[in-house]
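Participant: Sharing a structure below in structure tokens format, with a few things to ask.
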Amino acid sequence: MSSALFESIGLGSIDPAYFFIGLIAVIFILLILLIVQIAKTNKLKKRFEKFMQGKDGGSLEEEISNLFQDISSLKEISDSNSKEIKNLYKRMRFTYQKLGIVKYDAFKQMGGMLSFSLALLNEDNDGFIINSVHSSDGCYSYTKEITKGECALALGEEEKQALDMAMGNE
């Protein structure tokens, strides 16, 4: 079987039956693709309906706007908290946060280890040592200033131990 159309475009030697079989195959493939797309569309439609359940476009837009406002307020609160935390850290540098205490018997005849040396230092190792000496005559207390972990006055053995403990050397 020959076709005048095939003859005019230079395909006169091809049987039109092959052409129709090819067209049927293409139509079949397109039909399968159409079914797949319909299934995907239905699945998407079900998801959309579930998402929009109880909502209309206006209320959904309002809800999204409220979420953005919530995010903005959370960001402001977070920024405020960050500033407050930085302020607290700055102030904390000057608080006494390191501690060393050594209890001892100032005089060998007394027991109970009632005398002590207490070192209190800040982050920069500035602070003081309180030394309390308990004797049978009474209790005597004095302090020594500490700057950068050093004292301008001579330290007793217990005071050195308390200072080392506070600085983390012991």
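The values are calculated or read from the model by the stated rules, or taken from the named source; none is laboratory data. Quantities reported herein were computed from a predicted structural model and do not represent experimental measurements. Methodologically, a virtual Cβ is constructed for each residue, glycine included, from the backbone with ideal geometry; neighbour enumeration extends over all protein chains shown.
Participant: From the list Gly100, Gly112, pick out the single residue that is small (Gly, Ala, Ser), outside any helix (DSSP H, G or I) and surrounded by 12 or more Cβ atoms within 10 Å (Cβ to Cβ).
Facilitator: Exactly one of Gly100, Gly112 is small (Gly, Ala, Ser), outside any helix (DSSP H, G or I) and surrounded by 12 or more Cβ atoms within 10 Å (Cβ to Cβ), namely Gly100.
Participant: On the basis of being without any contact (Cβ under 8 Å) to a residue 60 or more places away in the chain, assigned to a helix (DSSP H, G or I) and either within 30 Å of Asn122 (Cβ to Cβ) or assigned by TED's automatic domain parsing to the domain that holds Asn122 (or both), does Asn81 make the cut?
Facilitator: It is true that Asn81 is without any contact (Cβ under 8 Å) to a residue 60 or more places away in the chain, assigned to a helix (DSSP H, G or I) and either within 30 Å of Asn122 (Cβ to Cβ) or assigned by TED's automatic domain parsing to the domain that holds Asn122 (or both).
Participant: Restricting to region 128-140, give me the number of residues that are at positive phi and surrounded by 15 or more Cβ atoms within 10 Å (Cβ to Cβ).
Facilitator: 0
Participant: Take region 129-147 and flag every residue that is out of contact with any Cys (no Cβ under 9 Å at 6 or more places or on another chain) and under 12 Å from Ala166 (Cα atoms).
Facilitator: Listed by number, the list holds a single entry, Ile146.
Participant: I would also like to ask the following. Within the set of pairs 6 or more residues apart or between chains, which connect a residue that is among the basic types (Lys, Arg) inside region 128-148 to a residue that is surrounded by 12 or more Cβ atoms within 10 Å (Cβ to Cβ) with Cβ atoms less than 6 Å apart?
Facilitator: Pairs that qualify, where the first residue is among the basic types (Lys, Arg) and the partner is surrounded by 12 or more Cβ atoms within 10 Å (Cβ to Cβ), are Lys144/Ile129; Lys144/Cys151; Lys148/Asn125.
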